[in-house]
Structures are given as C-alpha cells and as structure tokens.
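Participant: The structure follows.
The values are calculated or read from the model by the stated rules, or taken from the named source; none is laboratory data. Since the model is a prediction, treat every value here as computed from it, not as a measurement. Please note: Cβ atoms are built from the backbone with ideal geometry, for glycine as well, and neighbour counts cover all protein chains shown. The accessibility values were calculated without ligands, DNA or RNA, using every heavy atom of the protein model including side chains. Shrake-Rupley method; radii C 1.70, N 1.55, O 1.52, S 1.80 Å.
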Amino acid sequence: MAKKYAIVKELDEAVNLKDGTTVLQFETRLQGGLECGGAYLKYLRPQDAGWKPKEFDNESPYSIMFGPDKCGATNKLHFILKHKNPKSGEYIEHHLKYPPSVPSDKLTHVYTAILKPDNEVSILIDGEEKKKASFLSAEDFEPPLIPSKTIPDPDDKKPEDWDERAKIPDPDAVKPEDWDEDAPMEIEDEEAVKPESWLDDEPEEIDDPEATKPEDWDDEEDGEWEAPKIENPKCEIAPGCGEWKRPMKRNPSYKGKWSPPLIDNPSYKGIWKPQEIPNPNYFELEKPDFDPIAAIGIEIWTMQDGILFDNILIAKNDKVAESYRETTWKPKFEVEKEKQKAEDEAAGSARLAGFQRKVFDVLYKVADIPFLSKYKHQILDLIEHAETQPNLTIGVLVSTVVIILTIFFKLIFGGKKQV
C-alpha cells in the first residue's frame, strides 16, 4: 500500500551554495527493492521562505532535490534545482536531463552531487561519475535556467483563411467508368478441385466413444444427456471431412472505394505559428542564484518499506566526501555484497537439492516397474551412490535412461543383432 513519509533535520548553520564547491552525499539501502516510490532527499531553504519544521510536507520550499526515484518506466537518480527567476520572482523546478539509472539490487549505495564554481554539476554513484552537466546549458536542464530571448506571442491568432493542408484531393479527377466499388475482395477459386480422398460423409466431430453418462444424471432435471464431441480421427489422415467448398482467393478485379488522387495545394501556407515577441521574463546569468540550505528533509511517497538512509553529508571539499565513501560506505558495501552472494548460493543450492529430491523419488518409482525387475538391484545401487554424491544426480538419471532404452530395444529386437 502506498504511503507518505516525512522527517526533517535543521542544520546548525545554513550552507551557502554560491561560494566554491559544495558536495551533497548520502547512502541509501533499499532492503526490499524499489518497485514504485522515491528515496531522495530535499535540501530545504531557510524557514523565512515559508515553512515550519513541525509542518514539513511536500509543499515545503527546497533548493535541491536529489536521490533515487523509480516507478513503472521511470528509473532515475533525480537532480532538481529550484531556481528563482529574477524578473518574475517565480521559483521554477529545473530537472537534470537524462539522469543516470538507480542500481536495482538491495545493497547500500552512495549517491554524490558535486556543485562546482564553474557552473558544473557532477553526479556520482558509488564514487563513479555517471553524469556531468552545466547549470547554464539548455541541453542539460529542462526547462533551462536561462529563458529564451523570445516567446510565441500569446495574443497572435491564426487567420481564418490560413490553409495548412500540403496536399488536397484533385478537384478535376473523375472516377474511371470501369471502377467497380462493389466488387468483393475475395472470390471462390473456380480452378480448385476437391481431393479424391475427401470424406464427404464423415462429420468433422463425433461423439466421444469413451464418454459415459454420469450416474447422478437426471434426464428430467438435467435434460437429455449428450456425449461430448471430439475431433473425428478419420479426418486426421484425410484431406478433409464434411461438405467440400471451394477455397477463396483474392479478387483481381477488387479496387475498393475510389478516391481522387492528391495534388499540391495551391493555397498551402505552411504550418501556422504565432510570431515571436521579446520574452518579458528573459534574463542573463553568469552563475546560478542558489538559495542556501538550512535543513535536510526526507519527504517521499513509496509502496515499499525498509528504505534506509545513512551518512548524510554536506561538505565544501570533494576529498571529504571521498574519504567518507572509503571509510564508511565501502567496507559496509563489501560485507553486504559477500553476504548477498552467500545467500544467493544457498538459495541456489536449496533449489538444486529440491530438484535432486524429486529426481530420486522418480528413480525409486522407476526401479519398481515390473519389466525392470531384473535390473532393479543395479538401478538401486546407482540411486544410493548418487544420494551420497548429489553432484552425480544428472549422470545417474542418464544411466537409468540408458538401461531402460537397452531393455526396450531388447524387447523389440529379441536381443539379437540385426543383419
């Protein structure tokens, strides 16, 4: 069931993102996987932006949102910058284009965003750079931080006589006299001949001869009993049964509904677009106007539980973040990886053991088949040998099949060599 979670931690001192490098880093472990939901952090603006810790929710204003988000076809490491337009005063969400995917396992992973003074942001997963982008590039953020210089005029309207049709039906075209719109698509193949062995008097289905009327069938209550139908076995070896009909073939005279051919439209003016006017909200920007971070919030919607967050770090030096990855995340990750490997191997062994048990059960039943009684002792020896060495299960199964085939051929050919 989908649930919402929210928790916030205020920082002792707000972090200024405008000066030098800033590193945002945290660890997340999805113990039950992440089918649909988020596992991201919100880096919140100061409270004078209009929020209170006890009332923290999805409307609380943030500067950056960063972390995993997955649902359906969506699987990405979100990075969203909320930036204020100095002309309009409006805060706009700018999403990183083509963000990296989130690892699909259940281990702890560390996510890092490095904001650099040259307007570049670098996204790392487990210390490996997965994405590099420029805050001021329209190719990297949607919508771009710097608006376009012009916008379509909202008051410009398409003229009523504007023709956007590139092609039109030829008004001078006339349907040919021999064009038959009523001709069928298919006709009988007059050249087809009924096969000589066709069984005209045999129905395609017959009553099941092995079916019997149920003992508790009451004709008065249940009606007259009728045997279920089965396919007529005589029809399986014949070309066909019942009434023979000529097969259908495509009608060479079929043309369908007539329509005039298309010609270039002499009145075509192209696809209409409103004229461009100067964008009143346009501004130039040398560096993003980052709002400071005053708190860190976990505000997520998810359909899974068991999402763990750890080692949430804000640093002004990427070497500090690297040191945390090496000393806190990496040892933990290696232990989890080895444990997961052992669990996977154990699960695989359990599945194999279950398969082997079923194989042995079948082999014991095979040994009791009457016509194999002469070889029962030999088969039992093989089974007992395999149970002490389970890796021989497939070999024993093959050996048993060979014994059965040998006896089978002896029964057919009498144990004598063929000439």
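Participant: What figure, in Å² to the nearest 10, do you get for the accessible area of residue 330 with a 1.4 Å probe and non-protein molecules left out?
Facilitator: 80
Participant: So what's the net charge close to residue 300: Lys and Arg +1, Asp and Glu -1, counting the other residues with Cβ under 13 Å from its Cβ?
Facilitator: Numbers: positive: 3, 4, 42, 70; negative: 57, 69, 299, 305.
Result for the neighbourhood of residue 300: 0.
Participant: Further question on the same structure: How much net charge surrounds residue 119 when only the other residues with a Cβ under 14 Å from the Cβ of residue 119 are counted, with Lys and Arg +1 and Asp and Glu -1?
Facilitator: Working: positive: 18, 116, 132, 287; negative: 19, 118, 120, 139, 140, 284, 286, 289.
Around residue 119, the charge tally is -4.
Participant: Separate question: When ligands, DNA and RNA are left out and all protein chains stay put, how many square angstrom of accessible area per residue does the chain have with a 1.4 Å probe? Mind dumping the intermediate values first?
Facilitator: Details: 27370 Å² over 419 residues.
That works out to 65 Å² per residue.
Participant: Along the Cα→Cβ direction, 7 angstrom out, place labels at residue 264 and residue 338. What is the inter-label distance in nm?
Facilitator: In this crude spin-label approximation the distance works out to 7.6 nm.
Participant: Among all the lysines, which ones have a C-alpha under 30 Å from residue 341's C-alpha, if same-chain residues fewer than 8 places away are not counted?
Facilitator: The reachable lysines, counting only those whose Cα sits under 30 Å from residue 341, are 70, 76, 106, 130, 131, 330, 332, 358.
Participant: To make sure I understand the rule: partners must be aspartates and glutamates, Cα under 13 Å from the Cα of residue 229, and not fewer than 8 residues away in the same chain. Which ones qualify?
Facilitator: 204, 205, 207, 208, 210
Participant: Ranked highest first by the average count of other Cβ atoms within 10 Å around their residues, in what order do 173-186, 278-291, 106-119 fall?
Facilitator: Numbers: 173-186: 10.2, 278-291: 13.9, 106-119: 18.6.
Averaged packing, sorted descending, gives the order 106-119, 278-291, 173-186.
Participant: A follow-up question, please. Using packing as a proxy for protection, rank 154-161, 143-150, 200-207 so that the peptide with the highest average count of other Cβ atoms within 10 Å comes first.
Facilitator: Numbers: 154-161: 8.6, 143-150: 15.0, 200-207: 12.4.
In decreasing order of mean packing, 154-161, 143-150, 200-207 become 143-150, 200-207, 154-161.
Participant: For the chain, what is the relative contact order in percent, using Cα pairs closer than 8 Å and at least 6 residues apart in sequence? Intermediate results must be reported in sequence, preceding the final value.
Facilitator: Details: 665 pairs, mean separation 111.9, N = 419.
Computed over the chain, the figure is 27 percent.
Participant: Roughly to the nearest percent, how much of the accessible area of region 214-361 is carbon and sulfur, given a 1.4 Å probe? Show your work: numbers first, answer last.
Facilitator: Numbers: 5470 of 10480 Å².
Carbon and sulfur: 52 percent of the exposed surface of region 214-361.
Participant: Still on this structure, I have one more. In a GNM of the chain with a 10 Å cut-off on Cα contacts, which of 60, 197, 101 has the highest mean-square fluctuation?
Facilitator: In the Gaussian network model the winner is 197.
Participant: Using alpha carbon centroids, what distance separates region 61-97 and region 247-292, in Å?
Facilitator: Computed from Cα coordinates, the inter-centre distance equals 30 Å.
Participant: Compute log10 of I(q)/I(0) for region 224-321 with the Debye formula, placing one identical point scatterer on every Cα and leaving out solvent, at q = 0.10, 0.13, 0.18 Å⁻¹, to two decimals.
Facilitator: -0.79, -0.98, -1.18
Participant: Classify region 99-232 as rounded, prolate or oblate from the Cα gyration tensor: take a ≥ b ≥ c as the square roots of its eigenvalues, call it rounded if a/c is under 1.5, otherwise prolate when a/b beats b/c and oblate if not. Don't jump to the answer; show the numbers that get you there.
Facilitator: Details: a/c = 3.59, a/b = 1.60, b/c = 2.25.
Cα axes put region 99-232 in the oblate bin.
Participant: Now for a different question. Report, ordered by chain and residue number, the lysines lying within cross-link reach of residue 82, taken as a straight Cα distance under 18 Å and ignoring same-chain residues fewer than 8 apart.
Facilitator: Reachable lysines: 18, 42, 97, 116, 287.
Participant: For the chain, report the convex hull volume of the alpha-carbon atoms normalised per residue, in Å³, without decimals. Present the calculation step by step, with values, prior to reporting the outcome.
Facilitator: Numbers: hull volume 192.4 nm³, N = 419.
Convex hull volume per residue, Cα atoms: 459 Å³.
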